[in-house]
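Here is the structure we will look at.
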Amino acid sequence: MNTAALEALPRSPGVWAQAWKRLKNDRVGMVALVITLLFVALVVCAQFGWVAADWQREIATPNAAPYIVAKNVDGSQSAVVNVVAGPNVDLTSIDPLAPRYQEWAERASKFTTTETVKRDALPFGADRIGRDVLDKGIKGAQVSIAVGLAAALFATLVGTILGALAGYFGGAVDDFLEWLYNVFTAIPYILLVFALAAVLKSGPLAKVFGNGVWTIVIILSAVGWTGIYRLVRAEYMKHRSREYVRAAEAIGASHASRMFTHILPNISHVVLVQLSLHVVSFIKSEVILSFLGLGVPIDMVSWGTMLSEASSDLVQGYWWQLAVATVFMATFVTAFALLTDALRDALDPKLR
């Protein structure tokens, strides 16, 4: 049969083409994918400074309410103090500036109406020092989502490689990696995260690792690889003796080729689903660490730092920062979790 005849033969769709077709038929999964991509686009825009670049600017009255619930501002919030005194009281002896108060009040009234309304008409209100809460939510999304994605990628890479080595080779390699796995899992997850955060962000090691975002990524990656390792190891133990792996061995394929060219594509659904789950888990962990003061530096903002600030503002009735951080985080986490379920169904070989 010539080449032209071979090219004319119908070809069966590949693994990824079949997965994409199944995902497109899942309406919930597609909506979740769109929402997730919108958040990713928002993060990219914030990273390049196209949006929320001036989130640290004090552009409004401190704790200004959202525009839809705020009262009209007519200049009454100016710094001029109205002093009421009796007719026989000479305020000059008490305050030499008292005669100028009325003059300043008249001058201030000429500039307050238009300018102040523009500054205070923020759609989601302002924080305690007058920064736009919406800009903080967008910038917080950049930090929290970037930390979650980066930590999940590193943890997935480490867990997949170690799981592949343990499950494929077995023997002494498997024994050593199982011992390492048991050491990490013997300590409760959240306690291990707190312990590493306290060690790496204070003392001599703080000079090496610093106090930035990458320190949080390292901490979460160091404790998050165990779940992926366990699942990948079990999958490699099942696949290493199957016919297609034996056939690859018979034609002279190396161990690395058999591990990552033949076996890995057949267990990719496990790896991708675990990656998705870890993104959600690590975002929650970053929020907890930042809420407790062990997360991002004080000159940055994340959903965790916003929740930490809002905890004290809520007592005074300023609820909008808490609402914005909660809605942003809940929307992204829910959409990503639904997308994870859709990916699991689309990539599962048993459902093809």
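The values are calculated or read from the model by the stated rules, or taken from the named source; none is laboratory data. Computed from a prediction, not measured in an experiment: that's the story for all the values here. All Cβ positions, glycine included, derive from the backbone under ideal geometry; neighbour counts span all protein chains shown.
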Exercise. Would you tally the residues in region 136-161 being more than 15 Å from the chain's Cα centre (by Cα) and surrounded by fewer than 22 Cβ atoms within 10 Å (Cβ to Cβ)?
Key: 3
Quiz prompt | Unique residue being touching a helix residue (DSSP H, G or I) at 6+ places or on another chain (Cβ under 8 Å), closer than 14 Å to residue 137 by Cα and either at pLDDT below 90 or of a type in the set (A, V, I, L, M, F, W, C) (or both) when the list is 60, 19, 46 | solution = 46
Practice problem: Give region 305-321 a look and list any residue that's closer than 24 Å to residue 212 by Cβ, touching a residue at least 40 places away in the same chain (Cβ under 8 Å) and out of contact with any Ser or Thr (no Cβ under 8 Å at 6 or more places or on another chain), or say none. | Solution: 306, 309, 321
Self-check item: Total residues in region 278-290, condition buried (at least 19 other Cβ atoms within 10 Å of the Cβ) and over 10 Å from the mean Cα position of the chain (by Cα)
Solution: 3
Quiz item: In region 330-349, which residues are among the small types (Gly, Ala, Ser) and more than 17 Å from residue 140 (Cα to Cα)?
Solution: 335, 337, 342, 346
Quiz item: In the list 301, 324, 333, 270, which residue meets the criterion of being touching a Phe, Trp or Tyr at 6+ places or on another chain (Cβ under 6 Å) and either touching a residue at least 24 places away in the same chain (Cβ under 8 Å) or outside any helix (DSSP H, G or I) (or both)?
Solution: 324
Exercise. List every residue pair whose Cβ atoms sit under 6 Å apart, with the two residues 6 or more apart in sequence or on different chains, where the first one lies in region 41-67 and is closer than 12 Å to residue 130 by Cα and in contact (Cβ under 8 Å) with a residue 12 or more places away in the chain and the second, anywhere, is hydroxyl-bearing (Ser, Thr, Tyr) and part of a loop (DSSP other than H, G, I, E, B).
Key: 63/318
Quiz item: Within region 315-322, can one find any residue that is in the same structural domain as residue 217 (by TED's automatic domain parsing), of a type in the set (Phe, Trp, Tyr) and in contact with a Pro (Cβ under 7 Å, 6 or more places away or on another chain)?
Solution: yes
Exercise. Return yes or no: is residue 154 farther than 23 Å from residue 268 by Cα and either in the same structural domain as residue 324 (by TED's automatic domain parsing) or acidic (Asp, Glu) (or both)?
Key: no
Self-check item: Tally, over region 291-341, of residues that are of a type in the set (Gly, Ala, Ser), surrounded by fewer than 23 Cβ atoms within 10 Å (Cβ to Cβ) and at pLDDT 90 or above
Solution: 3
